[in-house]
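The values are calculated or read from the model by the stated rules, or taken from the named source; none is laboratory data. Just so we're clear, the structure is a prediction, and the values are computed from it rather than from any experiment. Virtual Cβ from ideal backbone geometry, glycine too; neighbours counted across all protein chains shown.
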Amino acid sequence: MKKFTASLKYLILYGVAFFISFPFLWMVFTAFKSLTESITFPPRLFPQVWHWENFVQAWMAAPFFRYFMNSLMVSLIVSVGVVITSLLAAFAFVFLKFNFKKILFNLFISTMMIPFEAIMIQNFMLIKKFGWYNSYWALIVPWLASAFAIFLFRQSFMQIPKDYIEAAELDGCFPLELLWTVVIPLSKSAIATVFLFSFLGSWNSLLWPILVTDNPDLRVIQFGLALFLEEQGTQYPLLMAASTLTILPVTLLYFFVQRQFIEGMTGSGLK
């Protein structure tokens, strides 16, 4: 009976996994189809003829290398910046003593309830006043802080044993030294989680880059995907090929930090 129950559980899990991954599989296999085959009914998962040239055509349809490098640079800088600013803010909220600490933290968290569309115009006006329109500054600076990342780090820091902190303070560690030598080494999983979330959010950004730039040299990878949505009809195979190429960096990054990501999510009060 136990073997049957275990087999049933695994069968259900495999079914759910296939159900979740099916859109991804459909995207990949559609990237190898012809346009006619991609819109035939009833649809088929596997292509009859594998069109490898779709990836070359998709890559050459626009300056994708430029878009790719722009997104990669912006996403990496934003992710590193979010990690640094959030580490410092969370460290202050957990280990430093100052007035109105809880009130300030609650104010930080409350900003998560404000939708981006509600403050988009105000942010755009600030970008214009600073003279950052059509520059990398507009793509990077507004996203160098994250209330969610601060919350995630705070939850992780609160689980660090107080004995470690007290021992470091007795040894004469200054606050920044305490952060560098004790807190950061014990928070690698949370750092990986914040880095992955920040990279994913920046990599998938489209509305804000379109709003603050009109220079083709500053366009991002998501803008390139929108080029396949034409008035004559969507080029589904080329769009799926470009989408497959687009998600490769995120997929590789996830598999690289998968273990730390799972530990960070389950170890920060979110399980």
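Data overview
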item: Criterion violated by residue 99 - all others in (1) assigned to a helix (DSSP H, G or I); (2) loosely packed, with under 12 Cβ neighbours inside 10 Å; (3) of a type outside the set (Asp, Glu) satisfied; result: (1)
item: Contacts under 7 angstrom Cβ, first residue in segment 22-51 being within 15 Å of residue 243 (Cα to Cα), partner surrounded by 11 or more Cβ atoms within 10 Å (Cβ to Cβ) and of a type in the set (Gly, Ala, Ser), 6 or more apart; result: 27/243; 30/38; 31/241
item: Test for residue 210: is it buried (at least 19 other Cβ atoms within 10 Å of the Cβ), among the hydrophobic types (A, V, I, L, M, F, W, C), touching a Phe, Trp or Tyr at 6+ places or on another chain (Cβ under 7 Å) and at pLDDT 80 or above; result: no
item: Residue check, residue 86 hydroxyl-bearing (Ser, Thr, Tyr) and loosely packed, with under 13 Cβ neighbours inside 10 Å; result: no
item: Positions within segment 130-159 being assigned to a helix (DSSP H, G or I), of a type in the set (A, V, I, L, M) and either more than 20 Å from residue 114 (Cα to Cα) or touching a residue at least 40 places away in the same chain (Cβ under 8 Å) (or both), in sequence order; result: 138, 139, 140, 149, 150, 152
item: Pairs, first at pLDDT 85 or above and part of a helix (DSSP H, G or I) in segment 105-119, second of a type in the set (Lys, Arg) and surrounded by 11 or more Cβ atoms within 10 Å (Cβ to Cβ), C-beta under 8 Å, six or more apart; result: 105/154
item: Selection within segment 160-193 - in a loop (DSSP other than H, G, I, E, B) and aliphatic (A, V, I, L, M); result: 160, 184
